[in-house]
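For reference, the structure is listed below as structure tokens.
No lab work stands behind these numbers, since they all come straight from the coordinates. All of these numbers come straight from a predicted model, not from anything done at the bench. We place every Cβ from the backbone using ideal geometry, glycine too, and count neighbours over all the protein chains shown.
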Amino acid sequence: MFLSLIIPAYNEEKKIPATLENISKFLAQKEYTYEIIVVNDGSADNTHKVTEYFASTNKNVSILDNSKNEGKGASLKKGILASKGEYILFMDADYSTPIEEIDNMLSLLTQDSRYDFLIGSRYAEGANILRNEPLFRILLGRIYHYLVKVLLLGGIRDYNCGFKLYRKNVAKDLFPRLNCKGYAFDAELLYLAKHLSYRYKEMPITWKHNPDSKVKPFIDGVKTFFSLIRIKIDYYRGCYGIDATPR
């Protein structure tokens, strides 16, 4: 298997069919083998049903279910541990970043051994924002960026864009260490990658804000703040199996 594509989905019955259709049409034109794994995160709507129907007509699509809503980080961890591809991409179910962006990423990662994974970035030079977030979300994003920089690591412009491509061995090393089930998982992964000396690069992408986003800015923001503190504490407690030498 060349490529595994992981999509966490929570109450996405309206968006997931079009997302799977777009992805499947694009990847069907490629010469490499691939699989698409949808992780249904305990959805209360028909996300499982519509995905299962799509999978019944497309052998490359499969679905994993969480019995209850566990969070985006937990869902990605489950999907990636089940994946078989030499390269592993995860992306959002709302199709905020089109699948076509994978071409540049795969081209770089397969030809340049300097990088272990690539981060899709809305703020890297050359990024194309089709629809921006409301101002209050932009301000909250900047606060989050500052907190991650102060508490964990700096040098990254876009920590939590949901479009990242990993080499198999790197993803299979990082994700089993993941403790954050919610939205702080991105920062946790990057923090672990830093201390494991993995090399990564931000790449500009096309992106558009989804006005129906499941993120609750204030509630999720507070939870994420405490998660960032917990990451730091867990690291120095040795919970990740990494030598906790200050860097």
* Asked: What's the exposure ranking of Val38, Val50, going from fewest to most Cβ atoms within 10 Å?
  -> Val50, Val38
* **Net lengthening on full extension, Arg131/Gln111 (0.36 nm per residue, minus Cα-Cα)** => 4.0 nm
* Rounded to whole Hz and in sequence order, give me ³J(HN,Hα) for the stretch 83-97 from the Karplus expression 6.51 cos²θ - 1.76 cosθ + 1.60, θ = phi - 60°, writing x for Gly and Pro. => 6, 10, x, 6, 10, 10, 10, 10, 8, 7, 5, 7, 6, 5, 10
* May I ask you to list, by number, the DSSP H helices of the chain whose Cα span along the axis is at least 18 Å and whose average Kyte-Doolittle hydropathy reaches -0.5 or more? => 135-151, 217-236
* Just add up the charged neighbours of Gly73: K/R +1, D/E -1, any other residue whose Cβ is under 9 Å from the Cβ of Gly73. => 0
* Asked: When DSSP assigns beta bridges and you keep just the ones with both residues in the chain, what percent turn out antiparallel, to the nearest 5?
  -> 25 percent
* To do: Give the calculated FRET efficiency between Ile138 and Asp173 to the nearest 0.05, with a Förster radius of 25 Å applied to their Cβ-Cβ distance.
  => 0.15
* Structure fact -> As straight-line cross-link partners of Lys164, the qualifying lysines (C-alpha separation under 19 Å, not fewer than 8 residues apart within one chain) are Lys72, Lys77, Lys78, Lys84, Lys172, Lys181, Lys194, Lys201, Lys208
* **Distant-in-sequence amide H partners of Tyr34 (H built 1.01 Å from N, under 5 Å)** => Phe2, Leu3
* Take Thr224, Thr206, Thr33 and order them by how many other Cβ atoms sit within 10 Å, fewest up front. => Thr33, Thr206, Thr224
